[in-house]
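Please read the structure below before turning to the comments.
The values are calculated or read from the model by the stated rules, or taken from the named source; none is laboratory data. Remember, it's a predicted structure, so these values are computed and weren't measured experimentally. Neighbour counts run over all protein chains shown; Cβ positions are idealised from the backbone, glycine included.
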Amino acid sequence: MNDRPQQFASDNYAGICPEAWAAMAEANSGSVPAYGEDIWTERAADAFRTLFDTHCEIFFVFNGTAANSLALASLCRSYHSVICASSAHVETDECGAPEFFSNGSKLLVAQSDDGKLTPHAIRALATSRSDIHFPKTRVVTITQPTETGQVYTIAEVQAISAVCRELGLKLHMDGARFAHACASLGCDPADITWRAGVDVLCFGGTKGGMAVGEAVIFFDRALAEDFDYRCKQAGQLASKMRFLAAPWVGVLGSGAWLRNAAHANACARQLAARIEGLPGVRLAFPVEANAVFLQAPEAVLNRLRDRGWRFYGFIGGAARFMFAWDSDPAVVKALADDIAELALIPVYL
Ligand SMILES: *Cc1c(COP(=O)(O)O)cnc(C)c1O
């Protein structure tokens, strides 16, 4: 029983969704101008402007590390600092890329259990030092939803942006799973971004069902100055840009961006509902998006591995399960059944 038909260790295990694939196939005809001068790039950018109902600037890069790092670099000078939560992807999973691309801007880390920043934590870090020896705070970055699957409400984003305005800080949102937050809140995407004071959003495509690609969206268009040069210098300017842009046309135009996320969230809730009430196991975090973190005795987790399930245990020893657009509810049920069965076996057996 070593190979399961589907695993939930990462939402990046999923393939490309039909809407993204079809748009790439459609874009794959004839010759069109390179480096973003094509009709697909224009259509994708317009689709974002329609979705967000504002005249924002949009750039397409290959992955989230590049999107976050280059966006933060565009907001900072080398002597600036960026406030983030301790579990933020920019801090823990980008190999120092934000510091590298900003030529040394420092990340100031606020301890946080659920990955959320609070106005209080931001204020405390931003006002802790004002002398010449400490990097000047310039940006706040929040992850929506957080790395452990918590979703900032509209009011929470508004409260954070209010303290940012007061302290003269820019607000960046890492939205690698932005669609999952929108599906979870059931809100207009504009309401948790520019209308709530977000200056720059990195909108993830990969975890939403695309092959590659993230969109960097500048709601404050002045901040986008020379961003195209940054992309080029960082090796992030796709020459055949139509293939980074077309999948966005497919998923935004069809509504698949939101449907995919809603499905992934529903699979997470399906598993969470089954775990609640089992003896000895519990959810390490509330399930608000497409992640489930299972806290269970090591014996239970080992038996789960023996049954062929793969998962990561990097956050406080909790087993992480991530769901995607293609997660099969029947396989989710099989996983839930295994957890339920194993939880009932005494750990000393
Ligand atoms: C996956 C992810 C990213 C992007 O990662 P890449 O591997 O660089 O595409 C960024 N932020 C968060 C919170 C993520 O989960």
- Of all residues in region 118-169, which are within 16 Å of the ligand (Cβ to nearest atom) and either basic (Lys, Arg) or part of a loop (DSSP other than H, G, I, E, B) (or both)? Gln144, Pro145, Thr146, Glu147, Thr148, Gly149, Gln150, Val151, Tyr152
- Test Val109 against the stated conditions and say whether it is within 19 Å of the chain's Cα centre (by Cα), surrounded by 21 or more Cβ atoms within 10 Å (Cβ to Cβ) and within 16 Å of the ligand (Cβ to nearest atom). no
- Note on the structure: Selection from region 159-212 of residues under 13 Å from the mean Cα position of the chain (by Cα) and among the polar types (S, T, N, Q) yields Thr206
- Hey, Arg43 hits all of (1) surrounded by fewer than 21 Cβ atoms within 10 Å (Cβ to Cβ); (2) not assigned by TED's automatic domain parsing to the domain that holds Val198 but one; which does it fall short on? (2)
- Task: Could you please tell me which pairs satisfy a Cβ distance under 8 Å, a separation of 6+ or placement on different chains, a first residue in region 110-123 that is at positive phi, and a second residue that is crowded, with 19+ Cβ neighbours inside 10 Å and of a type in the set (Asp, Glu)?
- Result: Gly115/Glu147
- Residue identified as closer than 17 Å to Leu51 by Cβ and crowded, with 16+ Cβ neighbours inside 10 Å among Glu214, Glu147, Glu156: Glu214
- Note on the structure: Of Phe314, Phe323, the only residue that is free of Cβ contacts under 8 Å to residues at least 40 places away in the same chain and within 21 Å of Gln150 (Cβ to Cβ) is Phe314
- Task: Could you tell me whether any residue of region 97-114 is assigned to a helix (DSSP H, G or I), assigned by TED's automatic domain parsing to the domain that holds Cys202 and acidic (Asp, Glu)?
- Result: yes
- Message: For region 32-75, give me each residue that is in a helix (DSSP H, G or I), closer than 17 Å to Ala222 by Cα and within 16 Å of the ligand (Cβ to nearest atom).
- Response: Leu70, Ala71, Leu72, Ala73
- Task: Select, from Leu244, Leu201, Leu223, the only residue that is farther than 26 Å from Asp326 by Cβ and assigned by TED's automatic domain parsing to the domain that holds Val32.
- Result: Leu223
- Task: Would you check which residues across region 202-224 are assigned to a loop (DSSP other than H, G, I, E, B), away from the ligand (no atom under 14 Å from the Cβ) and touching a residue at least 60 places away in the same chain (Cβ under 8 Å) and list them?
- Result: Phe219
- Task: Find the strands (runs of 3 or more DSSP E) located wholly in region 255-333 whose residues include 1 or more that are surrounded by fewer than 20 Cβ atoms within 10 Å (Cβ to Cβ), and list them.
- Result: 291-295, 312-315
- Query: Of the residues His133, His172, His120, which single one is over 27 Å from Gly317 (Cα atoms), in the same structural domain as Ala224 (by TED's automatic domain parsing), buried (at least 23 other Cβ atoms within 10 Å of the Cβ) and out of contact with any Pro (no Cβ under 7 Å at 6 or more places or on another chain)?
  - Reply: His172
- Item | Out of Ser87, Ser81, Ser112, sole residue that is touching a Gly at 6+ places or on another chain (Cβ under 7 Å) and closer than 17 Å to Ile160 by Cβ | Ser87
- Query: Which of the residues belonging to region 92-106 are under 17 Å from Gly175 (Cβ atoms) and buried (at least 20 other Cβ atoms within 10 Å of the Cβ)?
  - Reply: Glu94, Pro98
- Message: So the check is Cβ under 9 Å with 6+ separation or different chains; which pairs have a first residue in region 136-157 that's farther than 26 Å from Ala319 by Cα and a second one that's hydroxyl-bearing (Ser, Thr, Tyr) and in a strand (DSSP E or B)?
- Response: Lys136/Ser81; Thr137/Ser81; Arg138/Ser81; Val139/Ser81
- Query: What pairs can you find where one residue is in region 59-74 and in contact (Cβ under 8 Å) with a residue 24 or more places away in the chain, the other is within 12 Å of the ligand (Cβ to nearest atom) and in a helix (DSSP H, G or I), and their Cβ atoms are less than 6 Å apart, with a gap of 6+ or different chains?
  - Reply: Val61/Ala67; Thr65/Ala97; Asn68/Val90; Ser69/Ala97; Ser69/Pro98; Leu72/Pro98
